[in-house]
């Protein structure tokens, strides 16, 4: 079981969000999610400048087995996408909480959106329940 | 409660991710599905396919029975050990299942049919066999391990008695031999050389462990699916079913319209052939990034079709698929992926054979 970094917050649907020092938010999918999907072979990224709403699809990750939507944990404008993933989608399998980040947004409703997310303990508890 | 093969605990001990497949609890992968795929293409991998159903047929008129039961001709099986891939059709020419028939000594035959269709297959075969007084015996006490890859045969032979190893080394493709309680067919579902080995279930775990010790990589149903699609092989239920004739599933090569053999579905196939087969199955390759998936809409010059089997091909590094589309020259073909029309190329298949991309793919 991989350690879940303490500075992340999670959606039930396995996306993570991290508030950076400059106030932007980095978004990815959890290590648990990449494990469920298996070997990733394609990531469809949004465009820089796209506006995201909470819970709306912001990317698609595809493994050999299945395609899965990535939902935005916070609202805001996309200011950076991890274009390295288009050649190396497996980076998400290798480092879901680090080099496998997907997008960075400039949040429009940061405090409220973050409060609605799960902290690492609550997310870990959800995973335990899923395993039952 | 899903059914388990005798290797279930072995898979779990190896850390396999398990899924339901046709009512069976089966390993989809043990780690990286793509690495398992490459292990089969480059070296040797093994699959527990004990969920598949082995059926033995005996009786004086068993050959006559098989002449009626299946669309390919068992008269091609002239010597014991020879194997035949065929479809079993209903009266409308729809595919009830695809299967392999092995001829055995003393005029007996062995069928291997799909797991998901077991119940209806056994019911159909039993009913059709009755007038021929053929004895139909399912063999649930047998396990099947497929060992596939360029080094598969050598690794298996190293574990057999000298006599059986010599026999197994000699058999040609699509031929089986037997000995020491093992049934060894040089068949498979990956596009690589190798064996499918039917082994008494009380010996299966030990045999699996010996294969692993000999350097054969355990591989799950995930890799099996990408390997068979690269090899241009159909999956029952996805690429064909009872609403589809062999002609619409790129299986014309398995239909023998030999003279005087009135197999079930023959007249329907002849009518379809005379009237023109309305749909055809084609191979697709997508050069753009992304993955082709079952159910996606396929746009052709003659109207829409759909993706049957679609996946990411680990050998080619791009998406491949089978699609069923209206007959005729499809022109420039596009696939609807999440609302975006993406161009694809129509190619002949197999896509990959013996470890390499086929010409034109």
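Here, each number is a calculation from the coordinates, and none is a lab measurement. Everything numeric in this text was worked out from a predicted model, so none of it was measured. Please note: Cβ atoms are built from the backbone with ideal geometry, for glycine as well, and neighbour counts cover all protein chains shown.
Remarks
- Region A:65-132: relative contact order as a whole-number percent, Cα under 8 Å and 6+ apart: 37 percent
- When B:54, A:25 are arranged by Cβ crowding within 10 Å, least crowded first, meaning fewest neighbours, the order is B:54, A:25.
- Length gained on full extension, residue B:316 to residue B:64: 86.3 nm, using 0.36 nm per residue less the C-alpha separation.
- Put the Cα centre of region B:6-81 next to the Cα centre of region A:1-66 and the gap is 38 Å.
- Rounded, prolate or oblate (a/c below 1.5 giving rounded, otherwise prolate when a/b exceeds b/c) for region A:14-131 by Cα gyration tensor: oblate
- Counting, for every residue in A:68-78, the Cβ atoms of other protein chains within 10 Å of its Cβ and taking the mean gives 0.
- Normalised radius of gyration (Cα atoms, divided by 2.2 N^0.38 Å) for the protein assembly as shown: 1.09.
- Estimated FRET transfer efficiency (residue B:329, residue A:111; beta-carbon r; R0 51 Å; 0.05): 0.30
- Region B:178-222-region B:296-361 distance, computed between alpha-carbon centres (Å): 32 Å
- Cα centroid separation - region B:252-289 against region B:87-159, whole Å: 22 Å
- Mean separation of Cα contacts under 8 Å (6+ apart) over length of region B:278-361, as relative contact order %: 33 percent
- Whole-number percent relative contact order across chain B, with pairs defined as alpha carbons under 8 Å at least 6 apart: 18 percent
- An oblate overall shape is assigned to region B:278-361, the ratio a/c of its alpha-carbon gyration tensor axes (a ≥ b ≥ c) being 1.5 or greater and a/b not exceeding b/c.
- Exposure proxy ranking for B:86, B:280, based on other Cβ atoms within 10 angstrom of each Cβ and starting from the fewest, stands as B:280, B:86.
- Fraction of antiparallel bridges per DSSP, the protein assembly as shown only, in percent to nearest 5: 95 percent
- Going from the fewest other Cβ atoms within 10 Å to the most, the residues B:226, B:243, B:300 appear in the order B:243, B:300, B:226.
- Shape category assigned to region B:153-218 from the gyration tensor of Cα positions, a/c cut at 1.5: rounded
- DSSP beta bridges in chain A [antiparallel fraction, %, rounded to 5]: 100 percent
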